[in-house]
1. Under a GNM of the chain (C-alpha, springs under 10 Å), which listed residue has the highest mean-square fluctuation: Ala297, Ala289, Ala225?
2. Note down the relative contact order for the chain as a percent, whole number, built from C-alpha pairs under 8 angstrom at least six residues apart.
3. Quick one: grab the alpha carbon gyration tensor of the range 293-355, order the square roots of its eigenvalues as a ≥ b ≥ c, and give me rounded if a/c is under 1.5, else prolate or oblate depending on whether a/b is larger than b/c.
4. Using just the Cα positions, wrap the range 1-126 in a convex hull and report its mean projected area in square nanometres, one decimal place.
5. Where the only charges are on Cβ atoms (+1 Lys, Arg; -1 Asp, Glu), what is the dipole of the range 1-155 about its Cα centre, to the nearest 20 debye?
6. Would you tell me the accessible area of Asp252, worked out with a 1.4 angstrom probe on the heavy atoms of the protein chains, in Å² to the nearest 10?
7. For the range 247-397, what's the relative contact order in percent, using C-alpha pairs closer than 8 Å and at least 6 residues apart?
8. Under 5 Å between amide hydrogens, which residues at least 5 positions from Leu117 or on another chain qualify, with H placed 1.01 Å from N in the peptide plane?
Amino acid sequence: MALARETGLELAVRSGGHSSAGHSTTEGGILLDLGAMTALSIDADQRTAWAQTGLIAGQYTTAAGAYGLATGFGDTGSVGIGGITLGGGIGYLVRKHGLTIDDLLAAELVTADGQLLQVDAQTHPDLFWAIRGGGGNFGVATRLRFRLHEVSTVVGGMLLLPATPEVIASFVAEAEAAPEELSTIANVMVAPPMPFVPPEYHGRLVIMAMLVHAGELDAGERAVAPFRALAAPIADMVRPMPYPAIYPPEQDYHPTAVTRTMFVDALNRDAAETIVEYLQASDASMRVAQLRVLGGAMARVPVEATAFAHRQRRIMVNVTALYQGPEDRAVREAWVVDFADALRQGDDGVYVNFLGDEGQARVRDAYPGATWDRLVAIKRRYDPTNLFRLNQNIPPA
Ligand SMILES: Cc1cc2nc3c(=O)[nH]c(=O)nc-3n(C[C@H](O)[C@H](O)[C@H](O)COP(=O)(O)OP(=O)(O)OC[C@H]3O[C@@H](n4cnc5c(N)ncnc54)[C@H](O)[C@@H]3O)c2cc1C
């Protein structure tokens, strides 16, 4: 960091390396890779954990799972706890326990001037507010202290349903009506030729849904039943399972994709029909509309309590297409932009962790109103020269 400060070279900070905007690599700059910092200390009695930020969500979840405890991260085990936490963190426990930042109790942060600060609600409360949603703008988080919840056996896993407009809209309605123990992620996509998909469905539109009910097992079965009843499931792998099993081992697979993300307040049959039409019209090797119904614990935290300003939004939609090479990228990006425009409901709010390299105006959309002004003031105080600028940047001026 001192070298970056003295030379002016671009500084990239990497935890799990999943930045889709490419912010954790630099050409000709300095890369601060936290990957080797994977210490984790769990206090099962106090239900807290100190975690170094080279850990990925799957490692943390497996270790905490040994005590029947968990902190919620995202849908993918290989995502770094550094990046996901500092941006907010929306995953399988979001409705039951809130965002990842809602379980962040403290951080150790190396600021631009090289100081190691202990940051929590009492010490540097301005920084503690800012790092809960403001990303890597304020320093390098070396350790994070989380609250753990009792989450051992959940009713969870994958449910594959045929994706008609009716089933998509009803899925969303059921997810909104479900008890908040249940969080869902519905991927509307073309069925891949995978072993659990019967061959006659390969290439057809399906909802590949991931469900997690963190509560009593009977209640979980009852909560999942309405989804199973939406249509005859093509595959049903929802079952009682240890929570860490929601992060199965991943292939070493690095697809290149373009994504647009948004929040919407409702997703009715017309919107579901738009989703089906767009997905059928594309020939990208993989194309997905991902629907995440929010609410519950996430929405009960006051908007001004942290730098994540979208707590009242009801549904997050991510539209993605894979591409091969620069020419294909242009084609896929045009489709993704059109698709997202067709679904947008007159609001530009965006979750910073799903934002690509989309320009400064979009970063502001992540931090509407007073949130932006407060973030800029804190940035000016702790990083006046914008040392931490390779990120969804909040400039100091
Ligand atoms: C396959 C995939 C699935 C995803 N699923 C979800 C999901 O379900 N829910 C969700 O909320 N998000 C999800 N995301 C988005 C994810 O939260 C962000 O991409 C996040 O930034 C990744 O964190 P990382 O540590 O792996 O990435 P990195 O690329 O290492 O970091 C991203 C940026 O975060 C900052 N940063 C990271 N670590 C630190 C640190 N220790 N100190 C200071 N700054 C730091 C830096 O600015 C860095 O450029 C997903 C992303 C991918 C690629």
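1. Ala225
2. Dividing the mean separation by the residue count of the chain yields 18 percent.
3. prolate
4. 8.6
5. 320
6. The accessible area of Asp252 comes to roughly 140 Å².
7. On the way: 204 pairs, mean separation 43.4, N = 151.
Dividing the mean separation by the residue count of the range 247-397 yields 29 percent.
8. It is Leu109, Val110, Thr111, by chain and number.
The values are calculated or read from the model by the stated rules, or taken from the named source; none is laboratory data. Everything numeric in this text was worked out from a predicted model, so none of it was measured. Using ideal geometry, Cβ is built from the backbone for each residue, glycine included, and neighbour counts are taken over all protein chains shown. Ligands, DNA and RNA are stripped out before the accessible areas are found, and what is left, the full protein with its side chains, is counted by its heavy atoms. Shrake-Rupley method; radii C 1.70, N 1.55, O 1.52, S 1.80 Å.
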